[in-house]
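Notes follow once the structure below has been shown.
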Amino acid sequence: MATCRSIRQCRSSRRSLASDRRGFSLVELMLAVGITVVLFSVVFGLLGVAQSGFHNTDAGLAIRDDLRTAFQKMEWDIKHTGYDSTGTAQFSILTGTGTNGSDIIRFSIPVVCDSASVFLNSTGTPAHWGASRTWGCDSYTCMDGDGSCSTVEYKYIQYSLNSSKQIVRSVLSAFFGTVSSQIVAGDITDLRISQSGSRTVVLAIAAEKKSAQGRMVTSSLNEKIRLMN
């Protein structure tokens with residue numbers, strides 16, 4: 001152990017040792033606590049942003065799936081409509097007449113209406129126009145009400161937006177009575193339909209969905225459908 005050369009040196013050494021053994025002051029402690037609080041606030045803030053982004057992305061994906069499903073089902077029907085052999089359009093767009101000013105499309109597609117009929121006549125044009133009751137239907141038993149081509153009971157297909165933010169596919173009679181209806185997609189806020197040229201229909205569909213964090217996520221789709229007939 002080192003010895004002091006003088007009384008002054010020994011006193012100085014004892015003060016230095018006491019100073020080294022001294023704890024944090026109140027100011028230093030408060031400063032450390034403050035820094036810790038700030039760091040935790042930043043970390044939890046970043047975690048919250050990341051979690052919110054994850055839920056928003058999830059809601060966005062769900063919306064895009066709804067939009068794509070709606071378009072694919074509408075496209076399957078609409079592309080089969082067009083013009084008959086006299087050049088008369090078998091579809092009509094009812095602009096602004098739907099829920100919240102949305103658009104409605106009403107149309108017929110080639111059908112078979114009895115056991116002997118075919119889709120296309122000898123000239124290669126649709127023989128009869130009506131409305132298939134179900135997707136993928138290719139028989140008169142589901143395309144016509146009584147199996148007779150003198151009357152085509154299931155005359156129109158109609159797509160419209162209802163008050164529950166759903167796109168509805170309806171099969172209508174020749175007198176516009178509803179024969180059947182199906183929900184195509186939900187979370188839809190707007191449906192716009194227009195023509196681009198004589199044989200192209202443009203669909204513009206908007207949707208919104210609330211994420212798990214309560215934020216409204218929106219998306220839209222704008223696609224063209226080429227008519228086959």
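Miscellaneous remarks
- Only residues that are aliphatic (A, V, I, L, M) and surrounded by fewer than 19 Cβ atoms within 10 Å (Cβ to Cβ) were counted across segment 185-205, and they come to 2.
- Filtered residues of segment 109-134 (kept if at pLDDT 95 or above and of a type in the set (Phe, Trp, Tyr)): 129
- Among the residues listed as 106, 11, the single one being modelled with pLDDT of 90 or more, basic (Lys, Arg), surrounded by 11 or more Cβ atoms within 10 Å (Cβ to Cβ) and not in a loop (DSSP other than H, G, I, E, B): 106
- Pairs linking a residue in segment 137-165 that is over 17 Å from residue 106 (Cβ atoms) to a residue that is in a helix (DSSP H, G or I), with Cβ atoms under 8 Å and 6 or more positions apart or on different chains, are 137/143; 147/140; 147/141; 163/99.
- Any chance residue 170 is under 27 Å from residue 207 (Cα atoms), in a loop (DSSP other than H, G, I, E, B) and touching a Ser or Thr at 6+ places or on another chain (Cβ under 6 Å): no
- Residue 105 vs. criteria in contact with a His (Cβ under 6 Å, 6 or more places away or on another chain) and of a type in the set (Val, Ile, Thr): no
- Number of positions in segment 109-127 that are surrounded by fewer than 17 Cβ atoms within 10 Å (Cβ to Cβ) and either of a type in the set (Phe, Trp, Tyr) or under 14 Å from residue 155 (Cβ atoms) (or both): 1
- Every pair of residues 6+ apart whose Cβ atoms lie under 9 Å, when the first sits in segment 100-114 and is without any contact (Cβ under 8 Å) to a residue 40 or more places away in the chain while the second is of a type in the set (Asp, Glu) and crowded, with 23+ Cβ neighbours inside 10 Å: 112/144; 113/144; 114/144
- Residue ID - farthest from residue 170 (Cα to Cα), chosen from residues in segment 129-145 that are touching a helix residue (DSSP H, G or I) at 6+ places or on another chain (Cβ under 9 Å) and surrounded by 20 or more Cβ atoms within 10 Å (Cβ to Cβ): 130
- Considering residues of segment 183-229 that are of a type in the set (A, V, I, L, M) and not in a strand (DSSP E or B) only, the residue nearest to residue 161 (Cα to Cα): 227
- Test: residue in segment 146-155 that is surrounded by 16 or more Cβ atoms within 10 Å (Cβ to Cβ), closer than 28 Å to residue 65 by Cβ and touching a Ser or Thr at 6+ places or on another chain (Cβ under 7 Å): no
- Qualifying residue in segment 156-164 (condition: out of contact with any strand residue (DSSP E or B) (no Cβ under 7 Å at 6 or more places or on another chain), closer than 26 Å to residue 134 by Cβ and among the aromatic types (Phe, Trp, Tyr)): no
The values are calculated or read from the model by the stated rules, or taken from the named source; none is laboratory data. Just so you know, these numbers come straight off a predicted model, no measurement behind them. Note that we place each Cβ from the backbone using ideal geometry, even for glycine, and neighbour counts take in every protein chain shown.
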